[in-house]
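Each remark here refers to the structure printed beneath this line.
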Amino acid sequence: MSWYLALPSALFALLLLLGGAAALRSGWVVPWQRGHVHRIRLFGWAEVAMGSALALQASTALLHDRGADSTVRLIGLGCLFAGLALLTVSQRPASKR
């Protein structure tokens, strides 16, 4: 990954991490997501996981070892899928039993 792709990814990762920290700490969610999110803490953890995944993907621009590069990308992909799963569950209403 080149620096011109890594820099926007790193900035977007920082935004996701800040949004996730805000959701976890104070329950604040960005205005366009407020109608969809039913479980705020799960949404915060989803944003933290996805921000971590993007940060890992952006950090591969600094690596020069092919083995470490592919390992970091694989870990980042796993974090991204975990974040997507948490995001999906956080937007589903809780079951009323």
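Note on the chain: with charges restricted to the Cβ of Lys and Arg (+1) and Asp and Glu (-1), its dipole about the Cα centre is near 620 debye.
Taking the accessible area of the chain, probe 1.4 Å, and keeping the other protein chains in place, the carbon and sulfur fraction comes to 69%.
Solvent exposure of segment 1-62, expressed per residue, is 62 Å² of accessible area, with all protein chains present and a 1.4 angstrom probe. Taking Lys and Arg as +1 and Asp and Glu as -1, the other residues whose beta-carbon sits under 15 Å from that of Arg73 total -1. Here the spin labels are modelled as points 7 Å beyond Cα on the Cα-Cβ line, and at Asp65 and Ala21 they lie 2.9 nm apart.
The values are calculated or read from the model by the stated rules, or taken from the named source; none is laboratory data. None of these values were measured; they are calculated from a predicted model. Cβ coordinates were reconstructed from backbone atoms using ideal geometry, including for glycine residues, and neighbour counts include every protein chain displayed. Just the protein is used for accessible areas: all its heavy atoms, side chains included, with ligands, DNA and RNA removed. Shrake-Rupley method; radii C 1.70, N 1.55, O 1.52, S 1.80 Å.
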